[in-house]
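Worksheet: one structure, shown below.
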Amino acid sequence: MKVKNGTVERNIYVETRGRSLRFRVEVSPLPKDDITVDFDQYEAGLQWARRRRVELLEQKAQSKKHAAPAVAMAAPVVAGWSPAEIRVSEVFESFRVRELPHLSGAAADSSRLKGLEEWFGQLTLGELTYDLLQKWMVDRASGVLGPGRISYPHGYSKNLRVQIRKAIAAGKEFLSDGKTLAVMPDPIIVPPLAQTIRHEMTLLRRALHAYFSAHGLNEKHGTWLECQQVMQIDLPEKPDPRHTRVDEDGLQALVKELNDSALAAFTQFAVMTTLRRSEVCSLRWEELCLSLLLNRRAVIYEAVGGKPVKSHKRVRDVIARIMSSDLDDEMRRALMRQLEKFGLRPLWKSTTNQWNLVVAASEMNGGLRRLMQGTPWSSGGWKDVLSRVPAAVMGQQRVDGMSQKVVELCLTEDLISPESGDEYELPEAA
């Protein structure tokens, strides 16, 4: 399917970005909104754009009438009504319309959401029992519900497979080297990894939280939700970190063959960050800044046997340690004090029952300037970029013994424990 860049319909525009598409909705004078989807999800992207156009046009009409902001629609309150009656498909549709367009990883989450809807969409929340969820995780891990990855034997490149398929469709034989008959090999199907299942279950929980928040159900039924098996069941254990390293000589040889500086930079960035093409195309500055910040390494001291032991740890790993429920309060405070030397402070929010990350906003903060050495933000500017992260707010908090202006970010499991990530060295704390 060929897609032409430009106007699709009134207020809706599309552009191709590698193997992905970006739909943009513009209703002046409101801010633009966009979503990035895989190339084969054109119809889904267009449907989102149409829904978003209606929302923005309604918002524009309301602003002209000086109407009050729309209040989140509450669930119907009738005698005997229970949140157990909510259909999971309604939860997914609400998440798809309200939350998905604003996520940086919208394409990946959209794909996961499609699978979750196929498996759970016909059920109600009350039907998400322990036995059902446990069986789903076992079946998912075994590959019964679909593969995690499909590959082909060595030597069968994507281009070769396409040529073989075309020859078969035309009723012809394809000779790979002009002499040898090439046949279509059987694919190698790999079951989903534990991390894939963790991502899918985490997305299901995020969708439930978002639905209850958007429909004003937290006050009366928030505790009910947290007690459900879908929120309590243990997820598969995290797999061991990957230790595969890129062969520098091979990468440089590839870059040399490309003979295109822009494509070479794109390829090097994708290989070194392990991002997919659609993820690189949809990457934003705020995501890059936050990723660099969390992946920097700092010298951290932890008490072992009553003596301080020095280690080099990524910022995200230190934060994950602080958030851990099995850490004693004294050690947690000690780690937090060390992070505050770098202008960072993990903050527990009892009102939302979650951890946030406070980042000092001042460009004169010495700790953050050391932390960001060798990045585009070594001289400052991280405040303006990080303030564009979804759900980020500006505020005033105490960091390293002083009240400072800060950017406050929400800490999610996917953010603190991503499937993969690059690492960067940084100087020791003073």
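The values are calculated or read from the model by the stated rules, or taken from the named source; none is laboratory data. For clarity, every value in this text was computed on a predicted model and none was experimentally measured. No Cβ is skipped: glycine too gets one built from the backbone with ideal geometry, and neighbour counts run over all protein chains shown. What goes into the accessible areas is simple: the full protein's heavy atoms, side chains included, and nothing from ligands, DNA or RNA. Shrake-Rupley method; radii C 1.70, N 1.55, O 1.52, S 1.80 Å.
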Here the residues within region 315-339 that are open to solvent by 60 Å² or more (accessible area, probe 1.4 Å) and among the polar types (S, T, N, Q) are S325
Those residues of region 274-292 which are buried (at least 16 other Cβ atoms within 10 Å of the Cβ) and of a type in the set (S, T, N, Q) amount to S278, S282, S291
Per the filter on region 25-48, residues assigned to a strand (DSSP E or B) and more than 20 Å from the chain's Cα centre (by Cα) are V25
Exception for P390 within (1) modelled with pLDDT under 90; (2) out of contact with any helix residue (DSSP H, G or I) (no Cβ under 7 Å at 6 or more places or on another chain); (3) open to solvent by 70 Å² or more (accessible area, probe 1.4 Å) falls at (2)
For region 21-48 the number of residues that are surrounded by 18 or more Cβ atoms within 10 Å (Cβ to Cβ) and farther than 24 Å from L275 by Cα is 3
**Request:** Would you mind stating whether E219 is open to solvent by 40 Å² or more (accessible area, probe 1.4 Å), more than 26 Å from Q354 (Cα to Cα) and without any contact (Cβ under 8 Å) to a residue 24 or more places away in the chain?
**Result:** no
Of the candidates A210, A265, the one satisfying the condition of being more than 18 Å from T124 (Cα to Cα) and either open to solvent by 80 Å² or more (accessible area, probe 1.4 Å) or hydrophobic (A, V, I, L, M, F, W, C) (or both) is A265
A253 passes all but one of the listed conditions (1) touching a residue at least 24 places away in the same chain (Cβ under 8 Å); (2) more than 30 Å from G126 (Cα to Cα); the exception is number (1)
Per the filter on region 1-20, residues modelled with pLDDT of 85 or more and open to solvent by less than 30 Å² (accessible area, probe 1.4 Å) are I12, V14
All-but-one check, E408 against (1) without any contact (Cβ under 8 Å) to a residue 60 or more places away in the chain; (2) under 25 Å from the mean Cα position of the chain (by Cα); (3) not in a loop (DSSP other than H, G, I, E, B), failing number (1)
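Yes or no, residue by residue, for (1) modelled with pLDDT of 85 or more; (2) over 26 Å from the mean Cα position of the chain (by Cα); (3) outside any strand (DSSP E or B); (4) of a type in the set (F, W, Y):
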{"site": "A334", "(1), (2), (3), (4)": "yes, yes, yes, no"}
{"site": "Q338", "(1), (2), (3), (4)": "yes, yes, yes, no"}
{"site": "L347", "(1), (2), (3), (4)": "yes, no, no, no"}
{"site": "Q397", "(1), (2), (3), (4)": "yes, yes, no, no"}
{"site": "L415", "(1), (2), (3), (4)": "no, no, yes, no"}
{"site": "G421", "(1), (2), (3), (4)": "no, no, yes, no"}
{"site": "A429", "(1), (2), (3), (4)": "no, yes, yes, no"}
Inset, instruction - Report whether or not V280 is over 30 Å from I35 (Cα atoms), outside any strand (DSSP E or B) and within 22 Å of the chain's Cα centre (by Cα). - result: no
| Does any residue of region 49-62 turn out to be under 29 Å from F266 (Cβ atoms), open to solvent by 50 Å² or more (accessible area, probe 1.4 Å), outside any strand (DSSP E or B) and of a type outside the set (S, T, Y)? | no
Residue count, region 349-376, condition part of a strand (DSSP E or B) and in contact (Cβ under 8 Å) with a residue 24 or more places away in the chain, comes to 7
Q. Given the structure, is D240 in a loop (DSSP other than H, G, I, E, B) and exposed (fewer than 15 other Cβ atoms within 10 Å of the Cβ)?
A. yes
